[in-house]
Amino acid sequence: MRCACIDIGSNTTRLLVAESKDGRLQEVMAQRTFTRLGSGKRDIPAPKVAEVAEVVASQVRMARECGVGAIRIVATAAIRQAPNRDAFCEAVEEAAGVAVVVLSGEDEARLAFAGATRTLQHAPLGEIGVVDVGGGSSELVVGTMPSGVSWSASFHVGSAMLADGYLRSDPPGVEELERVRAHVAGVFEGLEVPQPEVAYAVGGSATSLRRVVGAELSHETLAHGLRVLGATRAEDVAQRYELHLERVRVLPAGMLLLDEAARLLGCPLRIASGGLREGVVLEELAAVGS
């Protein structure tokens, strides 16, 4: 059985088609479009609604061509916070023929944890941390493989929100980056987080950083990456690391969020191969098989 997830986020709209093979989730197809909905609490403009609706309709067609048994469309912070979220979801459903499920922050945390941990080659013992930095929100999660999530928190802060609010220069200036850092510190101030033995990062910022700093996100590697982005024009970074220009523009803010998350969890972050979309597909596969 093949299932599909279409994830409408603040920065991108992504399709994942996957199936269960030999007890493991195997990707059949993945597609991504930068739709940049933003992260404010304003109405999503009508032209942007129409654009995203057409992107989702196209991804639904692609998924059906792969022979999927179920398609689930989920929307995250950008839609959750928009005053016209209902009209947006209705427009997407009319174009794509599939209803849109708007996830809560708790849903995002649970699905990101499932997608990150259940796609690991070797399941860690003990507590595991997962950080999901999106464009409009960020989730911190701690749990175990046998029991699932035991602690989670969702925050209205993401890479797109911070980049739109603070980063004006190309490359971003030192003072701009310090204002982002101060905002991030303020959001997480006083938060007491369980200290897992190992932690993983999911989301677009984390997966993009694999090309820039490698597979582990520590304070040292992130500081190095931030120096590179702070000294190089976005277009040049995009060409050098084969990243989308829109991703590069929000990446410094994503890096500062990941840096603070690693500090709070008390360990470096490993970049996971799975995340929210994999969690959705795993849930759909379980529902179909039950």
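The values are calculated or read from the model by the stated rules, or taken from the named source; none is laboratory data. Model, not experiment: these values are computed from the prediction. Every residue, glycine as well, gets a Cβ built from its backbone with ideal geometry; the counts of neighbours run over all protein chains shown. Side chains included, ligands, DNA and RNA excluded: accessible areas come from the protein's heavy atoms. Shrake-Rupley method; radii C 1.70, N 1.55, O 1.52, S 1.80 Å.
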Scan A82, A18 and give me the residue that is assigned to a strand (DSSP E or B) and touching a Lys or Arg at 6+ places or on another chain (Cβ under 8 Å).
-> A18
Considering the stretch 174-212, residues that are of a type outside the set (D, E) and without any contact (Cβ under 8 Å) to a residue 12 or more places away in the chain, and then whichever is least open to solvent (accessible area, probe 1.4 Å), we arrive at G186
Selection from the stretch 272-289 of residues that are buried (at least 22 other Cβ atoms within 10 Å of the Cβ) and not in a helix (DSSP H, G or I) = A272, G274, G275
(1) without any contact (Cβ under 8 Å) to a residue 24 or more places away in the chain; (2) in contact with an Asp or Glu (Cβ under 7 Å, 6 or more places away or on another chain); (3) part of a helix (DSSP H, G or I): which one isn't true of Q239, the others all being true?
-> (2)
When the residues of the stretch 242-259 are filtered to those that are on the phi < 0 side of the Ramachandran plot and not in a helix (DSSP H, G or I), which remaining residue is least open to solvent (accessible area, probe 1.4 Å)?
-> L243
Inspect all residues belonging to the stretch 148-159 and state whether any of them is in contact with a Ser or Thr (Cβ under 7 Å, 6 or more places away or on another chain), of a type outside the set (S, T, Y) and crowded, with 19+ Cβ neighbours inside 10 Å.
-> yes
Could you please tell me which pairs satisfy a Cβ distance under 6 Å, a separation of 6+ or placement on different chains, a first residue in the stretch 245-271 that is within 22 Å of V198 (Cβ to Cβ), and a second residue that is among the polar types (S, T, N, Q) and not in a helix (DSSP H, G or I)?
-> L257/S138; G266/Q195; P268/S218
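For residues in the stretch 139-151 being at pLDDT 95 or above and either outside any strand (DSSP E or B) or among the small types (G, A, S) (or both), which is nearest to S205 (Cα to Cα)?
Ranking the candidates gives G143 first.
Pick from the stretch 264-282 the residues that are touching a helix residue (DSSP H, G or I) at 6+ places or on another chain (Cβ under 7 Å) and not aliphatic (A, V, I, L, M): which of them is nearest to G129 (Cα to Cα)?
P268
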Which pairs have Cβ atoms under 7 Å, sit 6 or more apart or on different chains, and link a residue in the stretch 155-169 that is closer than 18 Å to A201 by Cα to one that is open to solvent by less than 30 Å² (accessible area, probe 1.4 Å) and of a type in the set (V, I, T)?
-> V157/V184; G158/V133; S159/V133; S159/V250; A160/V250
A231: passes all of (1) in contact (Cβ under 8 Å) with a residue 40 or more places away in the chain; (2) surrounded by 19 or more Cβ atoms within 10 Å (Cβ to Cβ); (3) farther than 30 Å from S20 by Cα but (2)
Please determine, by comparing only the residues of the stretch 105-139 that are without any contact (Cβ under 8 Å) to a residue 40 or more places away in the chain and under 17 Å from G9 (Cα atoms), which one is most open to solvent (accessible area, probe 1.4 Å).
-> D107
Determine which member of the set G97, G105, G38, G9 is at pLDDT below 95 and on the phi > 0 side of the Ramachandran plot.
-> G38
Assuming D132 fulfils every condition listed in (1) touching a strand residue (DSSP E or B) at 6+ places or on another chain (Cβ under 9 Å); (2) at pLDDT below 95 apart from one, which condition is it?
-> (2)
